[in-house]
1. Tell me, please, whether a residue that is in contact (Cβ under 8 Å) with a residue 60 or more places away in the chain, within 16 Å of ligand 1 (Cβ to nearest atom) and of a type in the set (Asp, Glu) can be found in the range 225-245.
2. Give me the residue from the range 137-154 that is within 14 Å of ligand 2 (Cβ to nearest atom) and hydrophobic (A, V, I, L, M, F, W, C) and, out of that set, nearest to ASN101 (Cα to Cα).
3. Name the pairs whose Cβ atoms lie under 6 Å apart, with the first residue in the range 69-93 and of a type in the set (Asp, Glu), the second part of a helix (DSSP H, G or I), and 6 or more positions between them or separate chains?
4. Please name all residue pairs, on different chains or six or more residues apart, with Cβ atoms under 7 Å, provided the first residue is in the range 167-181 and is over 21 Å from ASN201 (Cα atoms) and touching a residue at least 40 places away in the same chain (Cβ under 8 Å) and the second residue is away from ligand 2 (no atom under 12 Å from the Cβ) and aliphatic (A, V, I, L, M).
5. Report, by residue number, each residue of the range 59-95 that is away from ligand 1 (no atom under 16 Å from the Cβ) and among the aliphatic types (A, V, I, L, M).
6. Condition (residue is in contact with a strand residue (DSSP E or B) (Cβ under 7 Å, 6 or more places away or on another chain) and touching a residue at least 40 places away in the same chain (Cβ under 8 Å)) applied to the range 58-67: is it met by at least one residue?
7. So if I check each of TRP204, TRP200, which one is within 16 Å of ligand 1 (Cβ to nearest atom), in contact (Cβ under 8 Å) with a residue 12 or more places away in the chain, assigned to a helix (DSSP H, G or I) and surrounded by fewer than 18 Cβ atoms within 10 Å (Cβ to Cβ)?
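The values are calculated or read from the model by the stated rules, or taken from the named source; none is laboratory data. The shown structure was predicted, so the numbers you read here are calculated from the model rather than taken from an experiment. All Cβ positions, even for glycine, are placed from backbone atoms using ideal geometry, and neighbour counts span all protein chains on display.
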Amino acid sequence: MAFEPEKPETTHPPLKVADDTYLIQQTQKAAIGPLWVYLNSLVIKGSEPIVVDTGTPVNREQWLKDVFSIVDPGDVRWIFLSHDDVDHAGNMREIMEACPNATLVVTWFFTERHASEFGFPFDRCRWVNDGDSFKAGDRTLTALTPPLFDSPVTRGLYDDRTGVYWAVDTFATPLPGPMDHMDDVPKEDWQQGITMFNCWNSPWFKMLDQDKFEQHVDRTQKLELELIASCHSPVIRKPRIDEAFSMIRALPSATPPAQPNQGDLDDLMHAIANGEEYVWEPAPPPGA
Ligand SMILES: [Fe+2]
Ligand SMILES: [Fe+2]
């Protein structure tokens, strides 16, 4: 039996979101209901083009096509990897092979954690820690730990030329369908989606000291931000950027729904057997 993942049903063309900056998009339908999640990455053109995260293996062919519709492989100078999850580093090998002039920007810890899967060409690597900057031609890029994350190596990326911040997994939210930006989503729905996704993805949220967390969030919010791009959300523009940060700041005292359990899987299997669409009903939060 082959355990092949389902290829995405729909393709979404690259979306220009700021000067020189293109969102490479993929959506994935959740098994538990009519909900979609984005799996984005970014291409920054300019005098030294940068690819920010590398998409998923299941979308490899389309992802490479999308990236190289924006920039020629030989022109890519930097490949920034935020962390080692498969939805962010899924085509690292392929893009490194395709782009011989590119330097891989990662952390030392990334290379150690991933060494059993990928032979890092250290002469083509650059190690950046939290707060480190590097110059990419006409812009300076700064690696900065995002407010929330799900791997210890995670670094976001701030572009001083456009004010775009790559927030990695922070601000993730499930959606009823694809959309280009968050402008039309009602605040209540957005808050619910952000709470559920971010609490599940960073389950240590409940151990946070509110004051220390707020100081950590300040580091990102005090940047001169024009736009937030992230892997699992449409882009967030002013004036909704502050709204999004307020939602993140509220998470230490949030109560997300319990995750789907075996009873839900039984219902899902029953729906599949009967050719029905399964819609998951969140149970009350544990202890509620
Ligand atoms: Fe992640
Ligand atoms: Fe992710």
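1. No; the residues of the range 225-245 include none that is in contact (Cβ under 8 Å) with a residue 60 or more places away in the chain, within 16 Å of ligand 1 (Cβ to nearest atom) and of a type in the set (Asp, Glu).
2. Restricting to residues being within 14 Å of ligand 2 (Cβ to nearest atom) and hydrophobic (A, V, I, L, M, F, W, C), the top hit is VAL153.
3. ASP84/PHE110; ASP84/ARG113
4. ASP180/LEU15; HIS181/VAL235
5. LEU64, VAL67, ILE70, VAL71, VAL76, ILE79, ILE95
6. Of all residues in the range 58-67, those in contact with a strand residue (DSSP E or B) (Cβ under 7 Å, 6 or more places away or on another chain) come to 63, 66-67.
Cutting the leftovers down to touching a residue at least 40 places away in the same chain (Cβ under 8 Å) gives us 66-67.
For the range 58-67, residues in contact with a strand residue (DSSP E or B) (Cβ under 7 Å, 6 or more places away or on another chain) and touching a residue at least 40 places away in the same chain (Cβ under 8 Å): present.
7. Details: TRP204 fails: in contact (Cβ under 8 Å) with a residue 12 or more places away in the chain.
Answer to the selection: TRP200.
Yes/no per residue for (1) out of contact with any helix residue (DSSP H, G or I) (no Cβ under 6 Å at 6 or more places or on another chain); (2) within 16 Å of ligand 1 (Cβ to nearest atom); (3) at pLDDT 95 or above; (4) among the small types (Gly, Ala, Ser):
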| residue | (1), (2), (3), (4) |
| --- | --- |
| LEU148 | no, yes, yes, no |
| THR154 | yes, yes, yes, no |
| ASP169 | no, yes, yes, no |
| GLN191 | no, no, yes, no |
